[in-house]
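> Sending over a structure as structure tokens; questions will come in a sec.
The values are calculated or read from the model by the stated rules, or taken from the named source; none is laboratory data. Just so you know, these numbers come straight off a predicted model, no measurement behind them. Every residue, glycine among them, receives a Cβ derived from its backbone with ideal geometry; neighbour counts consider all protein chains shown.
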Amino acid sequence: MKVKTDDLDYEIISLLQKDGRKPYKEIANDVGVSIGTIHNRISKLKKKEIINGFSIILNNEKLGYNLCFLILLRIDGKHVVEVLEELSDRKEILTCFNITGKQSAALICRFENLEDVQNFIRELNKNKYILRTVSNMVLKEYKNSSNVLL
């Protein structure tokens, strides 16, 4: 369900998407309103759950996670939710989707080396409800964002 927002809300969100640590005073100057208005608007956006928090964006490669894989899974239909909830706790999995089509799920994962990838896929294949895995190494990322950019 879409929550009512206006142009000012979108301007504030857009500035915060570029820099989540941007001071309210600078946001107020950029959009031409008072600091109090910015404070109230951000509070309302949080209350409406449009803004669910603030986070940092890490450079995965500089942390040693140079390998990115898209892994598709075919899961026994009766156990899809169970398997995906269990997998969602794995640190290697950045994103976990239940999808339509021949496959049941798509995982976006990060690994430090090929041995880690092989071990992870072996573990997946040991799960009796995972019927098939298809692994794709990402060669180059052109865009990586889980949020709509305003």
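Results for (1) acidic (Asp, Glu); (2) touching a His at 6+ places or on another chain (Cβ under 8 Å); (3) over 30 Å from Tyr24 (Cα atoms), shown as yes or no for each residue.
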site	(1), (2), (3)
Ile42	no, no, no
Ile50	no, no, no
Ile57	no, no, no
Leu72	no, no, yes
Glu82	yes, no, yes
Ser104	no, no, yes
Arg110	no, no, yes
Arg122	no, no, yes
Ser135	no, no, yes
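> Going by the structure shown, is Ile75 over 21 Å from the mean Cα position of the chain (by Cα), surrounded by 14 or more Cβ atoms within 10 Å (Cβ to Cβ) and not assigned by TED's automatic domain parsing to the domain that holds Arg122?
No; evaluated as a whole, the condition is false for this residue.
> Answer yes or no: is there a residue in the range 87-100 that is within 30 Å of Asp7 (Cα to Cα) and among the hydroxyl-bearing types (Ser, Thr, Tyr).
First pass over the range 87-100, keeping only residues within 30 Å of Asp7 (Cα to Cα): none.
No: zero hits.
> Look at Ile50 and say whether it is surrounded by fewer than 12 Cβ atoms within 10 Å (Cβ to Cβ), out of contact with any strand residue (DSSP E or B) (no Cβ under 8 Å at 6 or more places or on another chain) and outside any helix (DSSP H, G or I).
Numbers: surrounded by fewer than 12 Cβ atoms within 10 Å (Cβ to Cβ): no; out of contact with any strand residue (DSSP E or B) (no Cβ under 8 Å at 6 or more places or on another chain): yes; outside any helix (DSSP H, G or I): yes.
No, not satisfied.
> Name the one entry in Val33, Val134 that is among the hydrophobic types (A, V, I, L, M, F, W, C), in a loop (DSSP other than H, G, I, E, B) and more than 19 Å from the chain's Cα centre (by Cα). Break it down into steps so the answer makes sense when it comes.
On the way: Val134 fails: in a loop (DSSP other than H, G, I, E, B).
Only one candidate qualifies: Val33.
> Separate question: Please specify each residue of the range 78-93 satisfying the condition of being within 17 Å of the chain's Cα centre (by Cα) and surrounded by fewer than 16 Cβ atoms within 10 Å (Cβ to Cβ). Full working, then the answer.
Quick first cut of the range 78-93, residues within 17 Å of the chain's Cα centre (by Cα) only: 84-85, 87-93.
Hits for the range 78-93 are Glu85, Ser88, Asp89, Arg90, Lys91.
> Another question, if that's okay. Taking the criterion of being outside any helix (DSSP H, G or I) and not aliphatic (A, V, I, L, M), would at least one residue in the range 115-124 satisfy it?
Within the range 115-124, the first condition is being outside any helix (DSSP H, G or I), and the residues that meet it are none.
There is no residue in the range 115-124 that is outside any helix (DSSP H, G or I) and not aliphatic (A, V, I, L, M).
> Still on this structure, I have one more. Please work out which one of (1) buried (at least 17 other Cβ atoms within 10 Å of the Cβ); (2) more than 19 Å from the chain's Cα centre (by Cα); (3) assigned to a loop (DSSP other than H, G, I, E, B) is the condition Arg41 fails and give its number.
Condition (3) is where Arg41 drops out.
> Could you please find all residues in the range 94-114 being closer than 24 Å to Ile57 by Cα and assigned to a strand (DSSP E or B)?
Within the range 94-114, Leu94, Thr95, Cys96, Phe97, Ala106, Leu107, Ile108, Cys109, Arg110, Phe111 qualify.
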